Every structure is written in C-alpha cells, then in structure tokens.
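The values are calculated or read from the model by the stated rules, or taken from the named source; none is laboratory data. The structure displayed is predicted, hence computed values, not measured ones. Heads up, the Cβs are rebuilt from the backbone with ideal geometry, glycines too, and the neighbour counts pull from every protein chain shown. Note: areas computed on protein heavy atoms with side chains; ligands, DNA, RNA excluded. Shrake-Rupley method; radii C 1.70, N 1.55, O 1.52, S 1.80 Å.
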Amino acid sequence: MKKIITYGTFDLFHKGHYNILKRAKEYGDYLVVGVTGENYDVGRGKLNVHDSLATRIENVQKTGFADEIIVEEYLGQKIDDIIKYDIDSFVIGDDWVGKFDHLSKYCNMVYLERTKGISSTQIREETFDQYDVGIVCDFVDDNQIVKEAKLVNGFEVKNVYSDDNKILNEFKERYGVKNTFDDYDAMLEESDIIYVHCATVERFNYIQRALKAGKHVLYDPPAAFSSDKLMKLMELSKENNVILMENTKMVHIYVFNQLLWMAQGGLIGDILSFNCSISKNDITRSNLFYDLGAIALLPMLKIMGDNYDHFDFQVSKDGDNIEFASMNFVYPKGRAIINVGNTVRVDNQIEIIGTGGTIRMRGDWWRSKSFELHTPGSSDVQLFNTNFEGNGFKYLIRDMSRMLSNNRIDSKSIFEEESLKIVEILEYIRKERYNND
Ligand code: C2G
C-alpha cells in the first residue's frame, strides 16, 4: 500500500485545496492530511487564519479524500509523521518547491502544480472589512507597526501625519506608507483607525480629535497626565462607539498570559515581592519617564492588584528630565518596586518572588518571548517560551481586529481600571515633583 501525506492550513476552503487533496489521494492508496494547529500557525507568524481548526478539519473531511487527518502542532513534526505513518510520498503544492527537499531523505518528495487564480489571501481580501490605519508620529524610528499590521487580516497602515515635512518624507521612504499628511483632519477623513504615536504632551489632543471624528484609536500610554482627561477620552469613545486601546504589547503576547496564569493562579505560592526595572536612554524624548513608568506599572497592577496600602517614590533629576525614579508600593502581604531609568541605565527585568517559587523575565520583558521559573529545592530552571518575530505588535492588532469583527468596544483586551490607576500614580508623581521644585 502506497501511503501519502500532505499538509496545509486549508483556511477558507477553496477549489485549490480540493484539487491538491484529490491529486494527492490519486498519487497513492492511503492519504494522511496534516492540518495546521492554531499555536503552530501563530508561531510561524500566520495570524490571518480565519476558520477554526475544527472547521478546517471538517472541510478537509468533507472532500472524502483523506483517510486520516492529523494536526500539525510543531516545527519538525513532518519528519516524525513520515516515520510514524510510514509514508512513501510527501505531496505539496509547487508554491513550496524546494522548501521541503531535505525530507527526500525520508520519503519521495512531490511538488504538484498549484491551482491558478485562487488563494485564501484573495478570498480574505474580498470577504473581510479593510481597515486603513493612520499614524500620528513625530519620530521616524520605532514604527514596526507598519510591517506587523500587514500580517493581520484587513489591516494596513496607509497614512502618516506629522507637522514636520522631513519626518513625513523619511517615514514614507523607510516604511513605504502610501499617503502623507500635514493636515490632521485630512488624515482623519482617510483613516478608520488612528495610532497616536507621538510626544506624551500631544497625545490627548490627537486622541480626542480622532474619537470625536468617530475613529478607533490606538495610543501609546499614558494618554494624558490626568485621570480626568483619560476618563473624558474613555467616555468619548463610548459615546461614539469606537475602540480606545492602549499600546501595551506585552499583555497581548501569549507568554505573558502564561506568566499571569502562574502568578495569579497561586502556582508560585503567595507573592511576596514584585520587582520591575525598565530603562531606555533617549534624551530626545521628553517625559520618557512617564512613558516607561506606564509600561512598567501595568504588569505590577495585573499581578499584585491595586490594593496597596501606600506608595512612595524617589526621583533623581537632571534639569527637567527625570533620569531615574524608584517607586515603592507596600501591599498587605508584599512589596513592589519599580525602577525606571532614563539616562541612568538599569537592567530590564521582572522578578516575582513567591513562597513557592520565583519567576524571572529578563531583557526587554515588555516584548519578551520567555520567562524562567525557579522552584525551591530544585536546581532545574523551567523555561516557558513562545516563538515569534518582531516586537509583538501583530498580536495586539489581532486582538483589535477580533474586537472589530465581533463589534465590541468593551473587550477584555482593554484595561480601563488599570489604565486609570496608572495615570493616577503618574499624575501624583508629577504633581509632587512640581510642588517640590
Ligand atoms: N494550494 C493549491 N492551489 C492554490 C492554493 C493552495 O494547490 N490555489 C495548495 C498548497 O500548495 C498546499 C495546500 O493547497 O499544498 C494547502 O495550502 P495552504 O492552506 O495555503 O497551506 P500552507 O499554509 O501553505 O501550509 O505545514 C503547512 C504546510 O507547509 C503548508
């Protein structure tokens, strides 16, 4: 009996998929079809898959060509499958030609001609709503959203606004964005979603105008220096029935949810200490302390909650610039220390010490792919990780895209209470600092 295997995502099942399965079956006597699992797709950066795994399997099954359907769950599984199912030939479309030649050590490799004129990508473009994103930006670096948005169904960063023409030209050249605007209202008209990615003091105004124009907004936190202003923006988003979402990539990355699960689920016992450090040396960005502080306070509030008894802080300044700040939160049963360095460098790290273990996230933890779990009495360090390229922006956009397709503006991806608390803390520091000046 000649056994054949083929693989695919089989999203939005179409004639091309049908044809390849038919020909794969005709190639032998017994056909095994591997359908990609959701984690596997996410890991290989394919975030635009629409149908659930169950639907995709069902569609393959309905063709009647598959004798056995399996789920492809990890990189390298193809080799294990060929051996396990005693496969004679591996069949796949010629869009993959040459890519699987290394498998010819294990079985016969067959690339069949792809059906022309149809693809899942094309169906997605025709079927789903398209969202044009416009960026408000006053610096050219750090705009990975342009690349990452392309990986999510229907999202494209098409427009950029700045009041500085030099920035507009450089931006267009570097990221290949279609339209540049020096008139914000004109960009609002041409965009469905606005990403406010500019100096802290300017954000409130741009966000407010976008919400009033009925546009969805993504913004770098903090949106403002006062919780009253943030509340006003939240109300405005509800009145206009549009999304107001913070750019906090971390909470959209899979590995952070694993960490939360462990910490909140008591898997490291009672939490005694939460330490978080963040630094970035960029004197060109004024108020960087508030931006970094906002990023660092979110994991603290998520893990420790907001029921601290009191907090205090110390800042070290160079002129108007906060070069280093240390915030100290005393909780009923533990303590959290947040160190933020601007021109003073601190090692980026999160360390959570519990009665039953310690969790450590090293390096740029806000876009981290891994964390370590140290358990008392064991010299083994368990590593939890996830694989992705880029800085994780695509996961945030994917969550936003889900909210849009489910017609929800009040998703669990939006952390209103935490955002307000963070602005309150930063506002307090800002006021105290000025009072003491
Ligand atoms: N295909 C085809 N004609 C098309 C479109 C797709 O013959 N017009 C074939 C592909 O060549 C592939 C199969 O249909 O053999 C499944 O395609 P996808 O669902 O796009 O799968 P893909 O994401 O390419 O995954 O491990 C996963 C596999 O490597 C392939």
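Restricted to the stretch 23-36, and to residues there that are within 10 Å of the ligand (Cβ to nearest atom) and outside any strand (DSSP E or B), the residue that is most open to solvent (accessible area, probe 1.4 Å) is 23. Sub-8 Å Cβ pairs linking a first residue in the stretch 99-118 that is assigned by TED's automatic domain parsing to the domain that holds residue 27 and open to solvent by 70 Å² or more (accessible area, probe 1.4 Å) to a second residue that is polar (S, T, N, Q) and modelled with pLDDT of 95 or more, at least 6 apart or interchain, are 108/89, ordered by first then second residue. If only one of 322, 414, 350 is open to solvent by less than 30 Å² (accessible area, probe 1.4 Å), modelled with pLDDT under 90 and not charged (D, E, K, R), which one is it? Within the list 322, 414, 350, the selection yields 322. With respect to (1) more than 16 Å from the ligand (Cβ to nearest atom); (2) exposed (fewer than 15 other Cβ atoms within 10 Å of the Cβ); (3) not charged (D, E, K, R), the lone exception for residue 149 is condition (2).
Residue 180 passes every criterion in (1) more than 23 Å from the chain's Cα centre (by Cα); (2) modelled with pLDDT under 95; (3) among the polar types (S, T, N, Q) apart from (2). Among the residues of the stretch 257-280, are any assigned to a strand (DSSP E or B), β-branched (Val, Ile, Thr) and open to solvent by less than 20 Å² (accessible area, probe 1.4 Å)? Taking every residue of the stretch 257-280 in turn, at least one turns out to be assigned to a strand (DSSP E or B), β-branched (Val, Ile, Thr) and open to solvent by less than 20 Å² (accessible area, probe 1.4 Å).
With respect to (1) closer than 15 Å to residue 36 by Cβ; (2) open to solvent by less than 50 Å² (accessible area, probe 1.4 Å), the lone exception for residue 96 is condition (2). Scanning the stretch 161-176 for residues that are open to solvent by less than 90 Å² (accessible area, probe 1.4 Å) and assigned to a loop (DSSP other than H, G, I, E, B) gives 162, 164, 176.
On the basis of being out of contact with any helix residue (DSSP H, G or I) (no Cβ under 7 Å at 6 or more places or on another chain), among the charged types (D, E, K, R) and part of a helix (DSSP H, G or I), does residue 147 make the cut? In short, yes. When 90, 65, 10 are checked against the criterion of being within 11 Å of the ligand (Cβ to nearest atom), in contact with a Lys or Arg (Cβ under 9 Å, 6 or more places away or on another chain), outside any strand (DSSP E or B) and open to solvent by less than 70 Å² (accessible area, probe 1.4 Å), a single residue qualifies: 10.
Within the stretch 394-413, residues that are of a type in the set (Val, Ile, Thr) have Cβ atoms under 9 Å from residues that are open to solvent by 40 Å² or more (accessible area, probe 1.4 Å) in these pairs: 397/151; 409/238; 409/241, counting only partners at least 6 apart in sequence or on another chain. Residue 45 meets each of the listed conditions (1) within 12 Å of the ligand (Cβ to nearest atom); (2) touching a strand residue (DSSP E or B) at 6+ places or on another chain (Cβ under 7 Å); (3) not in a helix (DSSP H, G or I) apart from (2). Screening the candidates 340, 344 for the property of being outside any loop (DSSP other than H, G, I, E, B) and not small (Gly, Ala, Ser) yields one hit, 340.
The set of residues in the stretch 108-140 being touching a Lys or Arg at 6+ places or on another chain (Cβ under 9 Å) and more than 14 Å from the ligand (Cβ to nearest atom) consists of 132, 133, 134, 136, 139, 140.
Consider the stretch 428-437 and keep the residues that are part of a helix (DSSP H, G or I) and open to solvent by 30 Å² or more (accessible area, probe 1.4 Å). The one that is modelled with the highest pLDDT is 428.
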